[in-house]
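Handing you this structure, nothing more for now.
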Amino acid sequence: MANTKTIKIKRSPGDQLVQVIIYILVGGFALATLLPFVYIVAGSFATERELTERAFFVFPHTISLNAYQYIFKTGDAVKGIINSVFVTTVGVIINMTLSATLAYPLSRPYFKGRTFFTNMVIITMLFTGGMVPTYMLVANVLHLKNSYWALWLPGAINPFNMLIIKNYFQGLPSELEEAARMDGCNDGEIFVKIILPLSKPVLASVALFYAVTHWNSYFNAMMYISDSSKEVIQIVLRRIIFLTSKVANESSFDWGAFGMPPQKAVKMATTVVATIPILCIYPFVQKYFTQGVMVGSVKG
Amino acid sequence: MSQKAERFVPQKRAGSLKQAYRSHKWLYLMIIPGVIYLLVFHYLPMGGLIMAFQDFSPYNGDTMLGAFFHSPFVGLAVFKKFFTGPDFIRILTNTLSISIASLIFYFPAPILLALLLNEIKNMAFKKAAQTMVYIPHFISMVIVAALTAQLFSTTDGLVYHWLVGIFGKSHAPDIMSNPKLFVPMIVGQNMWKETGYGTIIFLAALSGVDVQLYEAAEVDGANRWQKMWHITLPAIRSTIVIMLILKVGTILNTGYEQIFLMQNSMNRAVSDVFDTYIYTKGVVNGNYSMATAAGMFKSIVCMIMVLGANKLAKLFGESGFY
């Protein structure tokens, strides 16, 4: 665009038609990813009657907060969110500490044993003990059932994420490190004072990848956590969507003028509440996406 | 200070580990937690694979670890029982149906979308579309399952409602319970969730293409397809190969979370895959040896597929995965 002498080739009508089709295809796919969310958000603010009468709407005729009031009154979703925030926060701290401290030595060319330890990581990516031995270790040997440690420890280092950090460390210019060493800094000080501050972008993006994993994780929580006071939001959501008939029978709640327990709206509102925290961090992750998915970076 | 002194000491053997430790003590201290993690949560479970060769029962010892030493070894009997048992063929068929369908439909989808996005010259439109299609990647499987259930519910689902309008009441597909539609549903969910995000890696490769190549081709009279065939596709070929290797390696890995969430009594015959079988057999029913054998089979096949695909890629002159 800046180049004023761009050569303009006239498009043939057929080619212009192809261009239009391309826009329609891309736009259509983008809409298809967005529509379910629009439907759910709009429905969560609607009355039950409107939900049964109108198939699709973006703006409900009557705005109703009944569903949200119900959610916050019964407290399951709130409890789930609080627990999930806790699990995610502590989990990410553990992930980042272990990943960064493993990544740093592996990124130093003068670290003896580098190949050995790197291979130790690569092997875990190619071959695993599988679910049952891991489950037995966590549940029967370490006795972590009903403890959040069962959600934090088994996946404490994701090898892909660790290698992203390692490759970033490797790419940092070595002059700064050498200067610090001249000033008498040891490896620990160099890591904390030089390397970590320089690596903020990659650390931020990997931390966000870990955060998304923790927030979205369902299966481990289902396997290891049975204490209902420790339920995370995904467990609560699954129960409300698939297993509940409880909502309709709950009589302790005053449904107001509409008189109907908004079962469908409650499901939608719970989905919204479980989605919002992820959508809030989305704009921050977006900048860093590319680094995270560059699988080519796995190459030593 | 000792570091400085060391530089002037003539080194007898450069490879001396003791010396490496002395000059970089911190690096060795730092690596300890990570190595302990790898040993405990990755290598110790690999040792647990020994159960696949035992008639393992946790009651054979006072503790779980003790049970390993007191459970009798049975050689390959557990594997034999697994391969000849009634479940093997069924879960293998189900797993392969899902992964082959996703190789055919789900794998090329991000490549196609990336090629389409690459053709879009309106930057604002492109940016907006990209922002939208990336979102589902960050949504949990539970929410995807919840959205599916709500949109395709036969009582009040929006999409089901539309489908009734198109196909009529009796022919509208009930994807939640029709076993025939289980595989399309799983693949469709994955396509909805990951196609957009999958484009990133291809778009990144495309951003490295010199614009002058396209301009030169235009001057030479190349049309859209010729440019795509001769410039765009070669630029992402090695990325496609790497992604294909990774995909092939997961041929028996359908992921348990999604299948588990979408499984119900109506579709169980087609929805039981290796991952759900291992979970049910091992974790729920406590048949540790059998589940471990199934897991080990899966893990070995996975490794062979990755290494094989990698070798094949190198044979064809691509750079491969590592």
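What follows draws every value from the coordinates through simple rules; no lab data is involved. Keep in mind the model is a prediction, meaning the values are calculated, not measured. Reconstructed Cβ throughout: ideal geometry from the backbone, glycine too, with neighbour counts over all protein chains shown.
Please say if the stretch B:85-315 is rounded, prolate or oblate, where rounded means a/c under 1.5 for a ≥ b ≥ c the square roots of the C-alpha gyration tensor eigenvalues, and otherwise the choice is prolate for a/b larger than b/c and oblate otherwise? Present the calculation step by step, with values, prior to reporting the outcome.
Numbers: a/c = 2.64, a/b = 1.41, b/c = 1.87.
In terms of gyration-tensor shape, oblate.
Sticking with this structure for a sec: Hey, fewest Cβ within 10 Å first, where do B:M243, B:M266 land in order?
Values: B:M243 19, B:M266 14.
Ascending Cβ contact count within 10 Å gives the list B:M266, B:M243.
Would you kindly state the longest site-free stretch of chain B, with sites defined as trypsin sites (Lys or Arg not before Pro) in a DSSP loop (not H, G, I, E, B) surrounded by at most 13 other Cβ atoms within 10 Å? Don't jump to the answer; show the numbers that get you there.
Working: sites that count: B:R7, B:K12, B:R13, B:K121, B:K169.
No qualifying site falls inside B:170-322, the longest such stretch.
Can I ask one more? Please identify the chymotrypsin sites (Phe, Trp or Tyr not before Pro) of the stretch B:115-170 that satisfy two criteria: DSSP loop assignment and at most 12 other Cβ atoms within 10 Å. Which are they? Walk me through the intermediate numbers first.
Values: sites: B:F125, B:Y134, B:F138, B:F152, B:Y160, B:W162, B:F167; in loops: none.
The qualifying sites: there are none.
Please turn the phi angles of the stretch A:120-128 into ³J(HN,Hα) values with the Karplus equation 6.51 cos²θ - 1.76 cosθ + 1.60 (θ = phi - 60°), one per residue in order, whole Hz, x for glycine and proline.
4, 6, 4, 4, 5, 7, 8, 9, 10
From the backbone phi of the stretch A:137-144, what are the Karplus-calculated ³J(HN,Hα) couplings (6.51 cos²θ - 1.76 cosθ + 1.60, θ = phi - 60°) in whole Hz, Gly and Pro given as x?
With coefficients 6.51, -1.76 and 1.60, one gets 4, 6, 7, 9, 8, 8, 6, 9 Hz.
Roughly how many nanometres apart are two label points built 7 Å out from the Cα toward the Cβ at B:I50 and B:S207?
Placing both labels 7 Å along Cα→Cβ, they lie 5.0 nm apart.
Oh, and also: When Cβ neighbours within 10 Å are restricted to other protein chains, what is their mean count per residue of peptide A:225-237?
Numbers: counts 0, 0, 0, 0, 0, 0, 0, 0, 3, 7, 1, 1, 5.
Mean shielding count: 1.
Just check the stretch B:216-322 against the gyration tensor rule for me: Cα atoms, a ≥ b ≥ c as the square roots of the eigenvalues, rounded for a/c under 1.5, and otherwise prolate or oblate depending on whether a/b exceeds b/c. Spell out each step's value before the answer.
Values: a/c = 5.65, a/b = 2.23, b/c = 2.53.
Taking the square roots of the gyration eigenvalues as a ≥ b ≥ c, the stretch B:216-322 is oblate.
Quick one: what do you get for the protein assembly as shown if you divide its Cα Rg by 2.2 N^0.38 Å? Don't skip to the end; give the middle numbers.
Numbers: Rg = 27.2 Å, N = 622, 2.2 N^0.38 = 25.4 Å.
This ratio for the protein assembly as shown stands at 1.07.
When the Cα centres of the stretch B:58-90 and the stretch A:123-155 are compared, how far apart do they sit, in Å?
The distance from the Cα centre of the stretch B:58-90 to that of the stretch A:123-155 comes to 19 Å.
Taking H as built 1.01 Å from N, whose amide H comes closer than 5 Å to the amide H of B:Q54, not counting residues under 5 places away?
When sequence neighbours closer than 5 places are left aside, the close amide H contacts are B:V74.
Report ³J(HN,Hα) in whole Hz for each residue of the stretch A:211-223, in order, from the Karplus equation J = 6.51 cos²θ - 1.76 cosθ + 1.60 where θ = phi - 60°; Gly and Pro get x.
With coefficients 6.51, -1.76 and 1.60, one gets 4, 4, 4, 5, 4, 8, 5, 10, 5, 4, 4, 5, 6 Hz.
How well do other chains shield peptide B:125-138, expressed as the mean number of their Cβ atoms within 10 Å of each residue Cβ? Before the final figure, lay out the partial values.
On the way: counts 4, 2, 0, 3, 8, 4, 5, 9, 7, 5, 9, 5, 7, 12.
Across B:125-138, the average partner-chain Cβ count within 10 Å equals 6.
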